[in-house]
Amino acid sequence: MQILRISYATSAYNEGQNLDEFYSRCKKSFEEIKAEWKDSFELTFTMVIVDNCSTDNTLGVLQNLVNADSRITGITNASNYGAEPSFAIALDEAAKDSDLIIFLCSDLQDPPELAVKMVRDLLLNEKYDACLSLKQKSSGGPLLRVSRHSYYKILGYSSRLQIVPDGFHGFGCFRTNVIRESLTYWNETGLNMRTCMSNASQTPTYIFYEQPDRLHGKSSYSILGYIQFATRTLLASDAAGSRLALSIGSTGLMVALGVAMFLLINYLSGNSKYQGGVPTVMALVIGSFGVQMLMFGVVSRQIEALRFHNFRPKVRNRRLKMNVE
């Protein structure tokens with residue numbers, strides 16, 4: 001019987017109150033998957049949890065989980081490197097020995113129970129390389145939800161491929177080759193992780209869910225942190241700079257041509273009091289400005305691919321060992 005290796009990957013920052021329930025629900029969802037496909041596959045379960053230098057008891061809870069279940073790989077960062085580097089570490093570890101990787105947040109706002117349907121969708125149709133989960137409704141107040149919706153829209157436009165689905169933040173089930181390609185994108189470009197995952201998923205399928213409210217702990221991002229993260233990821237997207245430059249250049253060119261034509265028509269109609277040759281010089285100067293703006297945009301577009309290369313900072317971490325008493 002064919003072996004199917006399923007891995008759950010996540011990062012945790014101050015999730016000491018959530019990790020036990022998170023593990024329990026992930027394990028339960030795997031048992032449901034195993035029962036559904038027991039006649040077709042021999043399923044194996046692994047889990048990777050990366051502690052991003054939490055300040056609560058997350059590390060202690062994670063160590064207890066590692067002691068209780070040898071299938072869990074626990075990793076702790078030497079410093080708080082942020083959510084995305086921690087996610088990258090978890091995904092890289094999970095990709096070493098798995099066929100399907102379920103990526104989700106440990107705060108329980110990504111329901112682990114959805115893994116049953118995600119795995120089913122991929123196993124029933126081999127043409128799909130990923131199942132992406134899209135939030136139809138996110139937690140938080142109306143202003144926060146509108147801000148997130150706007151961010152997803154702008155993020156999609158700032159990606160050259162423009163395939164970042166509205167409501168996708170990384171939660172999904174992926175074939176291992178998709179995760180490896182996502183990590184290659186992430187390591188060698190300025191793209192954020194959800195953009196890398198979207199671009200690496202060539203034939204995805206989608207499921208929709210409503211994000212539950214967070215019950216324990218708090219997000220690692222403050223309001224200011226969210227703004228800084230959103231601004232940084234949008235500016236670092238693969239097409240953000242070039243599209244902004246092209247927009248400015250094209251607009252400048254159109255305005256310059258419009259002003260030049262107005263001056264020329266005004267002069268030819270006899271309504272201008274300028275001396276001979278002045279409108280022509282003004283039109284040439286303005287037109288030259290517009291062409292320069294367009295050239296600025298084109299050159300910016302050409303150097304966009306060279307803007308980032310292997311600039312990700314290195315992180316230090318250690319693997320937790322099982323304590324046997």
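A few points about this structure:
- Taking His216, His169 and counting other C-beta atoms within 10 Å, the order from fewest to most: His216, His169
- Net lengthening on full extension, Phe262/Glu210 (0.36 nm per residue, minus Cα-Cα): 13.3 nm
- The HN-Hα couplings worked out from phi for region 27-35 by the Karplus form 6.51 cos²θ - 1.76 cosθ + 1.60 (θ = phi - 60°) are 5, 5, 5, 5, 4, 5, 4, 4, 5 Hz, whole numbers, x standing for Gly and Pro.
- Taking every C-alpha pair closer than 8 Å and separated by at least 6 residues, the mean separation divided by the residue count of region 1-142 gives a relative contact order of 35 percent.
- Once backbone amide H atoms are built at 1.01 Å from N, Leu134 has Ile207, Phe208, Tyr209 as its partners under 5 Å, excluding neighbours fewer than 5 places away on the same chain.
- 19 Å reach of a label modelled at Asn64, 7 Å along Cα-to-Cβ, counting backbone N of region 101-120: 106-108
- Full extension of the chain segment joining Lys96 with Ile3 gains 32.0 nm, where the gain is 0.36 nm per residue of separation less the Cα-Cα distance.
- Stretching Asp39 away from Thr203 to a fully extended chain increases their span by 56.4 nm, per 0.36 nm per residue minus the current alpha-carbon distance.
- Summary of packing: across the peptides 104-113, 66-75, 206-215, 86-95, the per-residue average of other C-beta atoms within 10 Å ranks them, highest first, as 86-95, 104-113, 66-75, 206-215.
Only the coordinates and a few stated rules stand behind these numbers; no lab work does. Keep in mind that this is a model prediction, so the values were computed, not measured. We place every Cβ from the backbone using ideal geometry, glycine too, and count neighbours over all the protein chains shown.
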